[in-house]
Every structure is written in structure tokens, then in C-alpha cells.
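Read-outs: derived from the displayed coordinates by stated rules, not from any lab. Quantities reported herein were computed from a predicted structural model and do not represent experimental measurements. As a convention, Cβ positions derive from the backbone with ideal geometry for all residues, glycine included, and neighbour counts pool all protein chains shown.
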Amino acid sequence: MRAKLLTVMAGGLMMAAVPMLAHHSFSAEYDRAKSIELTGTVTKVEWMNPHARFYLDVKDADGKVTNWEFELGSPNGLMRQGWTRNSLKEGDVVTVHGSRAKDGSNLVNASNVAFENGKRVLGGASSADDPATK
């Protein structure tokens, strides 16, 4: 009986650890030295765990539009910073500062988001520091 109980407990602990193994660190995916600032129009917002995300259409100097993905903190962490699920909506024009993905894809860990009215909010990014304030 005791061996069976220990086996069940060990299995439960291993299953509880699986989500932690799936979560990545900032430095595993993003490069703090690849700071970027982009302005564009919000095309999609995903308010879900483990990280909220949003997408921007960004126009370059030649007029070519490219869609970028931005990772924010968790919805719970964002709410503690004053965000709501309606803070960012499709059609909003924002400027985002953050760190690019190491693989060069159009993926950014957002440090802060600035709205057209001048309001700036932290992105709850998985990076501890806000590079825009340095």
C-alpha cells in the first residue's frame, strides 16, 4: 500500500512539473541586444495564458506591409498593471518597443506599448527590464 501511494505521489509531482518545462525563458527565445521599435495597426489580440499576444501591420519605408507578432506578459500580470482585455483593440495604432526573436522572425517580446494619445503601458514582458527606459 505504501509503495503504491509513493508511486502515485511521484507520478503526480512529475505531471505537475510538465507545464514548467514547457515555459521558455526570455534569453532562450529573445535577444536583448536586438532592440526594436515599431509603429503599426493592431490586427489581432489574443488574451490567453501563458502570454497575451497581439499582431501589428507595420508599413516600411517602401510602403510594404508586414505583420509582426508581439508577446506580452500573462493576462493576470497585465491586469495588475492596469490592462484589461479591451485595452488593445483591432484598428488601434500603437508604437511598441521590445526585443526581437533570436531567429530573426517577426516576433518581438514587447517591453512597452505607446498609444496614439500618448499613454504608455508596460508590456509585462518576460524580460525583467524595460529597455526603453535606459
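Looking at segment 82-115 only, could you name the residues that are surrounded by fewer than 16 Cβ atoms within 10 Å (Cβ to Cβ), closer than 13 Å to Leu56 by Cβ and of a type in the set (Asp, Glu)?
Glu90, the sole residue that qualifies.
If you go through segment 64-74 one residue at a time, do you hit one that is of a type in the set (Asp, Glu) and assigned to a loop (DSSP other than H, G, I, E, B)?
no
Which of the residues that make up segment 75-98 are in a loop (DSSP other than H, G, I, E, B) and out of contact with any strand residue (DSSP E or B) (no Cβ under 6 Å at 6 or more places or on another chain)?
Gly82, Trp83, Thr84, Arg85, Asn86, Ser87, Lys89, Gly91
Name the residues in segment 37-49 that are surrounded by 14 or more Cβ atoms within 10 Å (Cβ to Cβ) and either in a loop (DSSP other than H, G, I, E, B) or among the hydrophobic types (A, V, I, L, M, F, W, C) (or both), would you?
Listed by number, the residues that qualify are Leu38, Val42, Val45, Trp47.
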